[in-house]
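Read through the structure below, which is laid out as structure tokens, and then see the notes.
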Amino acid sequence: MLPRFSRLTLTAALALTAAGCAAGDSDGPDTADGAAPTSGDGHGAVAGAAEVAEPPVGLTTVDPTGTVTHLDLLDESTTEIGTVGAPSAMVSDGRYLFVQTDAGVEVVDSGRWTWDHVDHFHYYRAEPRLVGAVSGDGTATVATTNSSTTSGTGLYFADSGEAVLLDTEALSKGDLVERFRLDTEPHAGLVVPVGSFALVTAPGEGGTAGSVRGYTADGEPTGLEETCAGASGTLTTRVGAVVGCADGALLATVVDDELTVERIPYPAGTTAAPATSFANREGRPTVAALAGPEGADGVWLLDTRQRSWTLLPAPAPLAHVTAVDDEDEHVVALASDGRVLVLDGADGTLLAETEPLVAASLAAGRTPALVADQQRTYLSGPVEQQLHEIDVADDARVARSFTTDTEPRFTAETGR
């Protein structure tokens, strides 16, 4: 029997932007020297995929047994995609799910994606599928880009020190192709795709990363090496790829077909803990991160266009934070008691909040997913077996809630 999603409330329809080649929520062309928006004549099309007029947004979940289910947020239908191994972690780029199992990293194609053409977007739907597994020892750190049809996807297996760059264009056609697999000294490392290049961390002290080195997509060293003590956390924005360091962040871009890295230090005199994990609305230039456990030192915002950091106060202990980076500079946070908080990105003022929605999940150590897009924010409750759609701009109103038959252990918004 397919897992069933039951609608609990629906107080407003999901507002979505008509597409084709209509103007979208764009940042303008400040990626000419960056690594973010895709380019090419195909406009993100893949053989067998249909272009559609609006974002095919959905929530794709993996339950504790590995059953993968997709909830279509347009018509509220559900589809069981298949089964992977029992999951222990998951990362998504908005199309693919990279699920950590005993087989390594198993890749699921949701069959929904958006292609960013800088000033507008194209939307596609294809048949979802299980693509296969990338082998490796231990838990892998996965780094993606904003494109699901070009560039690469990086995986670093800390137990073995294997650094892998997958060919995302091949992945879009259902093929698992490794552009390179490098053997490094095992450490808490990263492989960060940047256009047709990649950054791979080199070990520092105590099993941490100490620097990043540049490689071509074929695994040849470029000669670039930059210090990045304690490298942790990476995210690709519309401007470039961010890598967190103990003293700030590195911003990697491609300029005149060459990989370049720029350092963005923390403000002078700061004593706040460094950012170690970043989140934002996909493609936007500003990213958010907790400063210390539960945001004890506040919330970091990094504007990759302005190359500047802002430290906001945290109104409560926090489990997660993400930058919506809309016209009102909203930041959305998940409080440790299960509330969703809407913050002013300029000064951290609490603007709105929900009732506790996922308190049981947090108490049980199940990490809810919190994902923001242009119209809504989505929150999963693994223990509660619920998925919530929240309208941030309307006083954090819970627009829709869905109940699942099994625990949504891991959840991704796909099609965005």
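The values are calculated or read from the model by the stated rules, or taken from the named source; none is laboratory data. Here the structure is a predicted model, which is why all the values come from computation and not from measurement. Cβ atoms come from the backbone with ideal geometry, glycine included; neighbour counts cover every protein chain shown. The accessibility values were calculated without ligands, DNA or RNA, using every heavy atom of the protein model including side chains. Shrake-Rupley method; radii C 1.70, N 1.55, O 1.52, S 1.80 Å.
Say whether the condition of being without any contact (Cβ under 8 Å) to a residue 40 or more places away in the chain and surrounded by fewer than 23 Cβ atoms within 10 Å (Cβ to Cβ) is met by at least one residue in the range 235-245. Taking every residue of the range 235-245 in turn, none turns out to be without any contact (Cβ under 8 Å) to a residue 40 or more places away in the chain and surrounded by fewer than 23 Cβ atoms within 10 Å (Cβ to Cβ).
On the stretch given as the range 38-60, residues that are in a loop (DSSP other than H, G, I, E, B), under 14 Å from R416 (Cβ atoms) and modelled with pLDDT of 75 or more total 4.
When you check G223 against the structure, is it open to solvent by 60 Å² or more (accessible area, probe 1.4 Å), at pLDDT 95 or above and at positive phi, yes or no?
For G223, the condition - open to solvent by 60 Å² or more (accessible area, probe 1.4 Å), at pLDDT 95 or above and at positive phi - is met.
Listed here are the strands (runs of 3 or more DSSP E) enclosed by the range 66-178 that have at least 2 residues being more than 22 Å from G48 (Cα to Cα), touching a residue at least 24 places away in the same chain (Cβ under 8 Å) and not hydrophobic (A, V, I, L, M, F, W, C): 96-101, 104-109, 152-157. A count restricted to the range 288-301 and to residues that are surrounded by fewer than 18 Cβ atoms within 10 Å (Cβ to Cβ) and free of Cβ contacts under 8 Å to residues at least 24 places away in the same chain stands at 3.
For the subset of the range 274-283 comprising residues that are surrounded by 21 or more Cβ atoms within 10 Å (Cβ to Cβ) and free of Cβ contacts under 8 Å to residues at least 60 places away in the same chain, which member is nearest to the chain's Cα centre (by Cα)? Walk me through it before giving the result.
Taking the range 274-283 first, the residues surrounded by 21 or more Cβ atoms within 10 Å (Cβ to Cβ) are 274-275, 278, 280-283.
Checking the rest, the ones that are also free of Cβ contacts under 8 Å to residues at least 60 places away in the same chain come to 274-275, 278.
On the way: P274: 19, A275: 16, F278: 8 Å.
Result: F278.
Here is a yes/no grid of residues against (1) without any contact (Cβ under 8 Å) to a residue 24 or more places away in the chain; (2) over 20 Å from A289 (Cα atoms); (3) of a type outside the set (D, E, K, R):
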position: G365; (1), (2), (3): yes, no, yes
position: V371; (1), (2), (3): no, no, yes
position: Q374; (1), (2), (3): no, no, yes
position: T377; (1), (2), (3): no, no, yes
position: S380; (1), (2), (3): no, no, yes
position: E384; (1), (2), (3): no, yes, no
position: I390; (1), (2), (3): no, yes, yes
position: A393; (1), (2), (3): no, yes, yes
position: T403; (1), (2), (3): no, yes, yes
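When you look at L71, is it open to solvent by less than 10 Å² (accessible area, probe 1.4 Å) and more than 18 Å from the chain's Cα centre (by Cα), yes or no? When the stated conditions are applied, L71 passes them.
Of T304, T271, all but one fail to be open to solvent by 20 Å² or more (accessible area, probe 1.4 Å) and in contact (Cβ under 8 Å) with a residue 24 or more places away in the chain; the exception is T271.
Of the strands (runs of 3 or more DSSP E) lying entirely inside the range 283-355, those containing at least 3 residues that are over 30 Å from W113 (Cβ atoms) span 308-312, 350-353. Counting the residues of the range 366-400 that are small (G, A, S) and at pLDDT below 95 gives 1.
Against the list (1) over 24 Å from L199 (Cα atoms); (2) in a strand (DSSP E or B), the condition P267 fails is (2).
So if I check each of A143, A133, which one is open to solvent by 30 Å² or more (accessible area, probe 1.4 Å), of a type in the set (A, V, I, L, M, F, W, C) and within 26 Å of G233 (Cβ to Cβ)?
It is A133.
Within the range 197-218, being under 26 Å from L97 (Cβ atoms), of a type outside the set (F, W, Y) and either in contact (Cβ under 8 Å) with a residue 60 or more places away in the chain or surrounded by fewer than 16 Cβ atoms within 10 Å (Cβ to Cβ) (or both) holds for L199, A217.
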